[in-house]
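Worksheet: the structure to be examined is printed underneath.
The values are calculated or read from the model by the stated rules, or taken from the named source; none is laboratory data. Since the model is a prediction, treat every value here as computed from it, not as a measurement. Positions of Cβ are generated from backbone atoms using ideal geometry, with glycine treated the same way; all protein chains shown enter the neighbour counts.
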Amino acid sequence: MPTDAPVLPPDNPPVGILDAPFDSALSERYLVYALSTITARSLPDVRDGLKPVHRRLLWAMRLLRLDPSQGYKKCARVVGDVIGKYHPHGDQSVYDAMVRLAQSFALRYPLVDGQGNFGNIDGDNAAAYRYTEARLTQVAIDLMDGLDEDAVSFRPTYNGEEQEPELFPGLFPNLLANGASGIAVGMATSIPPHNAAELLDAAIALVEDPAADPLAFVQGPDFPTGGIVIDPPALIREAYATGRGGFRVRCRWEIEKEKGGGWQIVVTEIPYGVQKGKLIEQIAGLVNDKKLPILADVRDESDAEIRLVLEPRSRTVDPSVLMDGLYRLSDLETRIPLNLNVLDARRTPRVMSLAEALAAWVEHQFVVLRRRTEHRLAKIADRLELVAGYITAFLNLDRVIEIIRTEDEPKPIMMDEFGLTDRQAEAILNMRLRSLRRLEEMELKGEQAKLEKEQASLQLLLGSDQRQRTRLKRDMEKIRDRYGPETPLGKRRTLIEEAAPARDIPLEAMIEREPITVILSQRGWIRALRGHAELASAETMKFKEGDGPAFAFHAQTTDKLLLAAENGRFFTLAADKLPGGRGFGEPVRATIDLDGAIGIVSLSRATRDGKLLVVANDGRGFIVPVGDVLAETRKGKTVMTPRTGAKLAVVRPVSPDHDYVAAVGDNRKMLVFPLAELPELSRGQGAQLQRYRDGGLSDAITFRFVDGLSWPMGGGTGRTRTETDLSPWRAARGAAGRMPPTGFPRDNRFI
């Protein structure tokens, strides 16, 4: 046999080993896991809004008789019963689920009444379960009402030793009232909480008319932490109609006036699901990083109620502008998703609309009503059978006593002589002697008549859909009164109020506008003096030895400054972040990535809608929009790429009414040509402004041709000279030019 022959599986593989393709075996097993996660762990049931772990927790607490009127018991006892009898998972995960059911800031209607440290809205964890105690709330009692009346089916627990309900039958609309969230395999759910009174009003309307619109009653989410839902009604309606979408939720705040005209903002409610501690850290980070300069400080003055104090930088700050900035940069505005993905009555996961979810819950309540009615009818029938036997025994009491005293087997004789059933005879034999005094014919017949009347009423109820609707409406109205808007628990907490999205805050609004005088020295030291000082005084200001002024101009703290370097890179500086005027300032190269060997060509205010003339010393240049050179990073932005050996020499603003360019070379030849002949680029080398045989460009400027060309006269007189007839120097771009007019500055500079 060749050694490379394929190895075939045996004809009779060992017992317990299945020969199957790996991919199919893996997919089958993963599908089982996925279905288990979806149906038994992550998605709530549309009928009671609970996941199995929550249902088992409440069931175990009910068996421990932890009613609201009873005392508390250790959470460790509850968790032990749950994981030992019903839910074989980790104790910490079960306790975490129990803690959430007790948190008033997590659940709109808490199902567990906790005693001890169950965590807080700051994000602190609950104490260990050996320290905390719990019992059920009235909401949980309402949710489980009917479990003793065969309202729902029971199933064996995981080990077959106990029984647990498949779902809860109560009339509390828990799915939408408390909401749910979970991540399964391949799907997730996210349902925000709503107001129970509104949901019950909508359910009553659906009982009366299955085609009723629930959105006529449900305004929107009602979060336990309050806040404001700012989405327009059309968007809320669309989200509820599809079962998918989201809600923008903002904090609730007010302005507190202070003595002296000052004010501060006090936040009293924060969005649902936001941890207050992390929110304060987030806002404090904005203050420290100066991302919101108009905010000075944030303080937490909360006790039982939330109170976050926001201090503005000055009293001139617009409160709405400050809050718009916080909405955009912090969790004072969040988006709560809606994904109404639930298990329907057939345990199939699907996304429902709000109307479908409410209709499914109402249909479940009809099933519960019929099952409870049938259970009560069975109890009445059993009791009527016993009452009939007691009446027979009363009418023949002496004979019954005689039979019991004289016969060894009285039961069959009593059944034969009086026509009793086995249960009737057994009940008579099991009566205590002291019960004989209660065997009065009038009382027994009165009970019999009362039971028969109730039986007839229940039979009519089962046979009439209209009676069932009337009964269900009456029961829902009772629950609705318990959670009505006039009650502390049922009062709506979240305001539904349409508002525009948070605005993009302009820099002028973020920074207090103040005049400054910017000074950059020849060695690159920059500072900003308060106010608009005389620019001529810059010559007499203090500088380091061997240093002097290079650029000085007036600006505002809200301005952006453009610094151009000889290598063609442009850097953007914020005027409000410049060092103060005391001392010599700070090196500008400490805030930008610019080598000390590279010179600075210009420093000026940036106007976003303006344009610049940029020219290298080899005479090549172009026009560039200011918006294309702004770059608020340390590395700046490359605008001109000079040829080898050349460097950026001129950066001048271009006024909208300028139509000509004047250039002068080191050879003192001047050229004037139309501005339209110069290209407008965002980056590059540009076109040749002037041709040189020796040297290069000395200066260039744009001007209005009809006004002529002006330049300062020497001697420090401050006077200027204007040449209006420029026709001798007017030529096409790229010409050599000719000697300048008489009196042109010897330094070959236009300014």
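I need the full set of residues from the stretch 79-98 which are in contact (Cβ under 8 Å) with a residue 12 or more places away in the chain and surrounded by 18 or more Cβ atoms within 10 Å (Cβ to Cβ), in order please.
Correct list: VAL79, ASP81, VAL82, LYS85, TYR86, HIS87, VAL94, TYR95, ALA97, MET98.
I'd like the full set of residues that are assigned to a loop (DSSP other than H, G, I, E, B) and closer than 19 Å to LEU358 by Cβ, limited to the stretch 176-199.
If the condition is that a residue be assigned to a loop (DSSP other than H, G, I, E, B) and closer than 19 Å to LEU358 by Cβ, then GLY179, PRO192, PRO193, HIS194, ASN195 are the ones that fit.
Only one residue in VAL624, VAL661, VAL650, VAL615 is over 28 Å from GLY743 (Cβ atoms) and either aliphatic (A, V, I, L, M) or in a loop (DSSP other than H, G, I, E, B) (or both). Which one?
Values: VAL661 fails: over 28 Å from GLY743 (Cβ atoms); VAL650 fails: over 28 Å from GLY743 (Cβ atoms); VAL615 fails: over 28 Å from GLY743 (Cβ atoms).
One residue alone meets the criteria, VAL624.
Being at positive phi, outside any helix (DSSP H, G or I) and not assigned by TED's automatic domain parsing to the domain that holds PRO169, is that true of even one residue in the stretch 417-433?
Among the residues of the stretch 417-433, at least one is at positive phi, outside any helix (DSSP H, G or I) and not assigned by TED's automatic domain parsing to the domain that holds PRO169, which makes the answer yes.
Do any strands (runs of 3 or more DSSP E) entirely within the stretch 686-751 hold 2 or more residues that are closer than 28 Å to VAL639 by Cβ and not charged (D, E, K, R), and if so, which?
In the stretch 686-751, 697-703, 709-712 are the strands (runs of 3 or more DSSP E) which contain 2 or more residues that are closer than 28 Å to VAL639 by Cβ and not charged (D, E, K, R).
Quick check on the stretch 253-270. Is at least one of its residues over 13 Å from the mean Cα position of the chain (by Cα), crowded, with 20+ Cβ neighbours inside 10 Å and hydroxyl-bearing (Ser, Thr, Tyr)?
No, the stretch 253-270 contains no residue that is over 13 Å from the mean Cα position of the chain (by Cα), crowded, with 20+ Cβ neighbours inside 10 Å and hydroxyl-bearing (Ser, Thr, Tyr).
Could you check how many residues of the stretch 347-366 are in contact with a Ser or Thr (Cβ under 7 Å, 6 or more places away or on another chain) and either closer than 19 Å to MET476 by Cα or crowded, with 17+ Cβ neighbours inside 10 Å (or both)?
So the answer is 1.
Conditions first: (1) buried (at least 18 other Cβ atoms within 10 Å of the Cβ); (2) over 30 Å from ILE428 (Cβ atoms). TYR390 passes all but one, so which condition is the exception?
Answer for TYR390: the failing condition is (2).
Just one of LEU377, LEU338 is assigned by TED's automatic domain parsing to the domain that holds ARG469 and touching a residue at least 12 places away in the same chain (Cβ under 8 Å); which is it?
LEU377
Would you mind telling me which numbered condition in (1) touching a residue at least 24 places away in the same chain (Cβ under 8 Å); (2) farther than 21 Å from GLY610 by Cα; (3) not charged (D, E, K, R) ALA700 fails?
Looking at each condition in turn, ALA700 falls short on (2).
Specify which of the listed residues (VAL661, VAL654, VAL629) is under 23 Å from ASP593 (Cβ atoms) and either modelled with pLDDT of 95 or more or buried (at least 21 other Cβ atoms within 10 Å of the Cβ) (or both).
On the way: VAL661 fails: under 23 Å from ASP593 (Cβ atoms); VAL654 fails: under 23 Å from ASP593 (Cβ atoms).
It is VAL629.
Is it the case, given these coordinates, that ALA575 is among the hydrophobic types (A, V, I, L, M, F, W, C) and over 13 Å from ALA528 (Cα atoms)?
no
Testing ARG589 on (1) closer than 27 Å to PRO293 by Cβ; (2) at pLDDT below 90, one condition comes back false. Which one is that?
That leaves (2) as the condition not met.
Would you mind telling me which numbered condition in (1) within 28 Å of ALA202 (Cβ to Cβ); (2) exposed (fewer than 15 other Cβ atoms within 10 Å of the Cβ) ALA378 fails?
The one condition ALA378 does not meet is (1).
Mind listing whichever residues of the stretch 316-336 are in contact with a Lys or Arg (Cβ under 6 Å, 6 or more places away or on another chain) and modelled with pLDDT of 95 or more?
Within the stretch 316-336, GLU333, ARG335 meet the criteria.
Only one of (1) touching a Leu at 6+ places or on another chain (Cβ under 7 Å); (2) part of a strand (DSSP E or B) is not met by LEU671, so which one is it?
(1)
Only one of VAL672, VAL664, VAL706 is in contact with a helix residue (DSSP H, G or I) (Cβ under 6 Å, 6 or more places away or on another chain) and over 17 Å from ALA565 (Cβ atoms); which?
VAL672
So SER435 ticks every box in (1) under 21 Å from LYS453 (Cα atoms); (2) at pLDDT below 85 but one. Which box is left unticked?
Here SER435 meets the rest and fails (1).
Tell me which residues, restricted to the stretch 592-626, are of a type in the set (Asp, Glu) and modelled with pLDDT under 90.
Within the stretch 592-626, just ASP609 meets the criteria.
Being assigned to a strand (DSSP E or B), more than 37 Å from the chain's Cα centre (by Cα) and surrounded by fewer than 20 Cβ atoms within 10 Å (Cβ to Cβ) is the filter here; which residues of the stretch 563-599 pass it?
Step one: list which residues in the stretch 563-599 are assigned to a strand (DSSP E or B), which gives 563-565, 569-574, 580, 586-587.
Filter again for more than 37 Å from the chain's Cα centre (by Cα), leaving 563-565, 569-570, 580, 586-587.
GLY580, GLU586, PRO587 - these are the residues of the stretch 563-599 that are assigned to a strand (DSSP E or B), more than 37 Å from the chain's Cα centre (by Cα) and surrounded by fewer than 20 Cβ atoms within 10 Å (Cβ to Cβ).
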